[in-house]
Amino acid sequence: MGAPIENVLVYGYGVMGRGVATTFAGAGFPTLVKSRRAGGLGDLPAGAKALDRLPPQAPDLIVEFVPEDVRAKQAVYAEIEAAYSGVAPEEKPLIASGTSGLDLVELARGMKHPERFLGVHYFMPADTAPIVEVMAGLATPPTEVDRVADALKRAGKEPVVLYKPIVGFLINRLQHAILHEAYYLIEAGVASVEDIDRAARRMLAPRMCLNGLIQQKDIGGLKIHAEAQASIVPKLFHNAVPNPMLQTMVALGRTGLSAGKGFYDWSGCDVEAVRQQASSQLARLLEFLKDGLGAPAPRTQPKSMPKKVSGL
């Protein structure tokens, strides 16, 4: 791994950009924010500085948070590469897209130095959610991915590292696989929104909090799990089409909490209070999972399998 990342520029200052800037600045990284609203930003975290143009000296890492539009993001990457075209290749900034669902291979198309490009996926709220996904682009060396993961660790995050690009990263792919089935069950009248959420809160989530997704199956026994897979997987709702019920809801303006209606009726609720409560409750839960359960009992923690064995 090369020299550690020492300074960061956050390109774009919406909700996510603000949270990420807070994380890096709070950990002592010299942090710049590039925004067209630089002169009017009154909520910059302590230690951060806002600019309306890229600085003359290349930052070690630039994390981009502009709207989820391929052309808009590609225009930003072209601007960054042009600004630092005279910098030696190994000193050019690493450019990290903050996309959650766009294809990194497509985003990097047309870049002069795709080896300096990767993805960094934060979760809301970015300043308190512990996990951040770091994913290589098609040409990104593993050493550069590791440098970014190291910077995230020093900023207090727990990086999940992917050395190959795949649309949706890891967590969103798992999440959308569950949600696609859940939406089908709602649409088909099999289960209510409330019952699906109750099952998630009271059974799926607690077990995953303690033992993850895969380790839980080891504990329960893979023979029973394999037999259940053989029976259930062929009957799951497999297609490659975004759920039409969800797409129609959004087209009609039923976009959730902010609109007052989504899968639930939020009319009369305090939008900011709901979000603050969700954030604070998540922080308390994560703190409890970290310290409140006590140390594992002796001889209860498995070892990782060698990759050639676990991946067969």
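So is LEU246 surrounded by 11 or more Cβ atoms within 10 Å (Cβ to Cβ), touching a residue at least 60 places away in the same chain (Cβ under 8 Å) and either out of contact with any helix residue (DSSP H, G or I) (no Cβ under 6 Å at 6 or more places or on another chain) or in a helix (DSSP H, G or I) (or both) or not?
yes
Can you tell me how many residues within region 112-126 are surrounded by 19 or more Cβ atoms within 10 Å (Cβ to Cβ) and at pLDDT below 95?
Of the residues in region 112-126, 2 are surrounded by 19 or more Cβ atoms within 10 Å (Cβ to Cβ) and at pLDDT below 95.
Filter region 138-166 for residues that are within 17 Å of PHE123 (Cβ to Cβ) and touching a Gly at 6+ places or on another chain (Cβ under 9 Å); which is surrounded by the most Cβ atoms within 10 Å (Cβ to Cβ)?
Of everything passing the filter in region 138-166, ALA155 is surrounded by the most Cβ atoms within 10 Å (Cβ to Cβ).
Determine which member of the set LEU102, LEU44, LEU51 is within 18 Å of the chain's Cα centre (by Cα) and among the hydrophobic types (A, V, I, L, M, F, W, C).
When all the criteria are applied, what remains is LEU102.
Within region 218-227, is there a residue that is basic (Lys, Arg), more than 26 Å from LEU170 (Cβ to Cβ), part of a helix (DSSP H, G or I) and at pLDDT 95 or above? Quick ask: steps written out before the conclusion?
Here is the first cut: in region 218-227, the ones basic (Lys, Arg) are 223.
Checking the rest, the ones that are also more than 26 Å from LEU170 (Cβ to Cβ) come to 223.
Subsequent filtering for residues that are part of a helix (DSSP H, G or I) retains 223.
Applying the additional criterion that residues be at pLDDT 95 or above yields 223.
Yes - at least one qualifying residue is present in region 218-227.
Select the strands (runs of 3 or more DSSP E) contained entirely in region 29-84, then report the ones holding at least 1 residues which are surrounded by fewer than 18 Cβ atoms within 10 Å (Cβ to Cβ) and at negative phi. Give the derivation first.
Details: elements: 31-34, 48-51, 61-64.
Because the criterion is at least 1 residues that are surrounded by fewer than 18 Cβ atoms within 10 Å (Cβ to Cβ) and at negative phi, the strands (runs of 3 or more DSSP E) in region 29-84 that meet it are 48-51.
Take the residues of region 170-191 that are out of contact with any helix residue (DSSP H, G or I) (no Cβ under 7 Å at 6 or more places or on another chain) and open to solvent by less than 50 Å² (accessible area, probe 1.4 Å): which is modelled with the lowest pLDDT?
Only one residue tops the list, namely ASN172.
Quick check on my filter: what residues within region 193-236 are surrounded by 12 or more Cβ atoms within 10 Å (Cβ to Cβ), touching a residue at least 24 places away in the same chain (Cβ under 8 Å) and either farther than 25 Å from LEU286 by Cα or of a type in the set (Gly, Ala, Ser) (or both)?
The one that is surrounded by 12 or more Cβ atoms within 10 Å (Cβ to Cβ), touching a residue at least 24 places away in the same chain (Cβ under 8 Å) and either farther than 25 Å from LEU286 by Cα or of a type in the set (Gly, Ala, Ser) (or both): VAL193.
Please state which of the following conditions LEU289 fails to meet, knowing it meets all the rest: (1) modelled with pLDDT under 95; (2) open to solvent by 70 Å² or more (accessible area, probe 1.4 Å); (3) within 22 Å of LEU170 (Cβ to Cβ); (4) part of a helix (DSSP H, G or I).
Condition (2) is where LEU289 drops out.
GLU6 passes all but one of (1) under 26 Å from THR143 (Cα atoms); (2) in a helix (DSSP H, G or I); (3) over 20 Å from the mean Cα position of the chain (by Cα); which number fails?
With (1) under 26 Å from THR143 (Cα atoms); (2) in a helix (DSSP H, G or I); (3) over 20 Å from the mean Cα position of the chain (by Cα) applied to GLU6, the lone miss is (2).
The values are calculated or read from the model by the stated rules, or taken from the named source; none is laboratory data. Computed from a predicted structure; not experimentally measured. Note that we place each Cβ from the backbone using ideal geometry, even for glycine, and neighbour counts take in every protein chain shown. We work out accessible area using only protein heavy atoms, side chains counted, and drop any ligands, DNA or RNA first. Shrake-Rupley method; radii C 1.70, N 1.55, O 1.52, S 1.80 Å.
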